[in-house]
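J.: Dropping the structure in here first, questions after.
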Amino acid sequence: MNKFLKLIFIFSNIFIISCDNQKNMPENNIYKFPDNFLWGTSTASYQIEGGIINDWSTNGLDAGVSADSFNKYKEDINKIKFLNNNAYRFSLEWARIEPEKGKFDIKALQYYKNILKELKENNITPMVTLHHFTNPTWVSKNGGWENNQTINDFLKFVNFTVNELKDDVEIWITINEPNVYAFKAYDAGEFPPYKKNRESALKVMSNLLKAHAESYHLIHKIDKKSKVGFAQHIAILEPYFKLNPIDNIFVYFQNKIFNESFWESIISGEININIPGINGVNEPYNPNLKNAMDFIGLNYYTRWYVNSSGEQLIDKKSELTDIGWEIYPKGLSRSLKIADKYAKKIGIPIYITENGIDDGNDNKRNEYIINHTFEVWKSIQDGIDVKSYMYWSLMDNFEWAEKFKPKFGLYTIERKMRNSALTYKEISQNNGIKKDLLKIK
Ligand code: BGC
């Protein structure tokens, strides 16, 4: 290369680096998020409402009055307002709305209408989940999600509720964490119906996928302007021993099945969920499945190390939450990168629908929120179209098989504010993270 060309090369590199730095500079010392970014919290009906009879309450995991949000929803929305949030994700309890097959309870629906009215009056965008781990007892008696009939039953529930609520809801989440639900309920035996059968779990996954895809089209038919997606749980997976090929093979399969198979199926329109040694699910091209999502919903919590027995273990040397999950903020940007691979294929954005920490003493939540939201900011600078950050959760609640032990809330179950709520409030109010906050170590 002659000297002149060399100089041009050096200067152009300096120019590129300085532009890049500028792009990453905070505005007025605030790492700003895009206009209209949604800041909120997430909850789920069975975890907070109280007084629900469903397949959990009748199967040894009764949430009782829980956080009593059925009676305290106005107070909850006041907290959301106080936090300066412009969004709130909550779910509808199928068992409340359709306690008996085909009998829809209009009075039960009124409760959700009241919530939506209150949110509207306060300019808070709702994100409404249609299925969050729970079913009416008649559904479970009928074979639950292993029975193909449940897809049709679910669609009738979707048809009724979406028709009733469409005027006040634009963002619908059909199913929360289909991967977690299928494996915990049908493979690990931790959630009702407490099955331990991997083939059943795969069948349930494919039924949930079909239920999502059919709901996607149904909701669009009812309301053209709606945006429909599902919330996918992503776990960052690493080999326990980096150099052990068996650990690496397990990571490959778990990533493929647990993290990515839902997105793969939607992008391709085909269901191919296979685990060596068991009967998988392979179904031909289904046009209704193809590209059936308007956004990717992403729930991220932690990282697991997978050993040569396929067990997921935690690195105990790292900083842990109360229930022993690793605090790994970088995992959020890594998850966004995985999700974005699929989002970009069909040109859709990503909504972070859950991220949070159980931390009863509130010692680590401040830093957790700051570091995780900063990872989101960095991902946006890298060109990922992220539209929301929904902290899990507004208040402590019934944490499924762990009952009331984990404390994820910005508020306690008695609605006492934890200090970290003020940090989240500030970030939400500024639509960004003050540079000073990032100094907390
Ligand atoms: C679920 C929430 C749950 C949270 C924390 C997510 O997998 O969607 O319902 O409370 O994790 O455990």
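The values are calculated or read from the model by the stated rules, or taken from the named source; none is laboratory data. Since the model is a prediction, treat every value here as computed from it, not as a measurement. FYI the Cβ positions are ideal-geometry reconstructions off the backbone, even for glycines, and counts take in every protein chain you see. The accessibility values were calculated without ligands, DNA or RNA, using every heavy atom of the protein model including side chains. Shrake-Rupley method; radii C 1.70, N 1.55, O 1.52, S 1.80 Å.
J.: For region 199-267, just the Cα set please: Rg and Dmax, both in angstrom.
T.: Cα radius of gyration and Dmax of region 199-267 are 16.1, 52 Å respectively.
J.: Rolling a 1.4 angstrom probe over the protein chains, ignoring ligands and nucleic acids, what is the accessible area of LYS81 in square angstrom, nearest 10?
T.: Accessible area, nearest 10 Å²: 90 Å².
J.: Sorted by packing (mean other beta-carbon atoms within 10 Å per residue), highest first, where do 230-239, 143-152, 330-339 land?
T.: Highest to lowest by the protection proxy: 230-239, 330-339, 143-152.
J.: Once amide H atoms are placed 1.01 Å from N in the peptide plane, what residues at a sequence separation of 5 or more from ILE413, or on another chain, have their amide H within under 5 Å of its amide H?
T.: Distant-sequence amide H within range of ILE413: ASP396.
J.: Would you kindly find the accessible area of ASP62, with a 1.4 Å probe and non-protein molecules such as ligands, DNA and RNA excluded, rounding to the nearest 10 Å²?
T.: Its accessible surface works out to 100 Å², give or take rounding.
J.: Further question on the same structure: Rolling a 1.4 Å sphere over the protein heavy atoms, what is the accessible area per residue of the chain, to the nearest Å²?
T.: Per-residue value: 44 Å².
J.: Could you sort LYS101, LYS184, LYS316 by their accessible area in this structure, using a 1.4 Å probe and putting the largest first?
T.: Correct descending sequence by accessible area is LYS316, LYS101, LYS184.
J.: No solvent, one uniform scatterer per C-alpha: report log10 I(q)/I(0) for the chain via the Debye equation at q = 0.09, 0.10 1/Å, two decimals.
T.: -0.57, -0.70
J.: Let me ask another. Across all directions of projection, what mean area in square nanometres is found for the Cα convex hull of region 46-120?
T.: Average projection, Cα convex hull of region 46-120: 5.3 nm².
J.: Just the number, please: carbon plus sulfur as a percent of the accessible area of the chain, 1.4 Å probe, no ligands or DNA/RNA counted.
T.: Carbon-and-sulfur percentage of accessible area, whole number: 52.
J.: Work out from phi, with θ = phi - 60° and the Karplus expression 6.51 cos²θ - 1.76 cosθ + 1.60, the ³J(HN,Hα) of each residue of region 89-102, listed in order in whole Hz, and give x for Gly and Pro.
T.: Calculated HN-Hα couplings, in order: 9, 9, 10, 9, 8, 3, 5, 6, 7, 10, x, 10, 3, x Hz.
J.: Another question about this same structure. How large is the accessible surface of SER140 in square angstrom, using a 1.4 angstrom probe and rounding to the nearest 10?
T.: In the full protein context, SER140 sits at about 50 Å².
J.: Residue by residue through region 152-161, what is 3J(HN,Hα) from phi via Karplus (6.51 cos²θ - 1.76 cosθ + 1.60, θ = phi - 60°)? Round to whole Hz and write x for glycine and proline.
T.: Karplus-based 3J(HN,Hα) across region 152-161 equals 5, 4, 4, 5, 5, 5, 4, 4, 5, 6 Hz.
J.: Moving to a separate point now. Roughly how many nanometres apart are two label points built 7 Å out from the Cα toward the Cβ at TYR252 and ALA108?
T.: So the label points at TYR252 and ALA108 sit 4.6 nm apart.
J.: I need the phi-derived Karplus couplings for region 253-268: 6.51 cos²θ - 1.76 cosθ + 1.60, θ = phi - 60°, integer Hz, Gly and Pro marked x.
T.: Karplus-based 3J(HN,Hα) across region 253-268 equals 5, 5, 4, 5, 6, 6, 7, 10, 4, 5, 5, 4, 5, 6, 5, 8 Hz.
J.: Taking the Cβ of ASN419 as the center, what net charge do the other residues with Cβ under 9 Å away carry, scoring Lys and Arg +1 and Asp and Glu -1?
T.: +1
J.: If you rank VAL139, VAL65 by how much accessible surface each has, with a 1.4 Å probe, what is the order from largest down?
T.: Output order, biggest surface exposure first: VAL65, VAL139.
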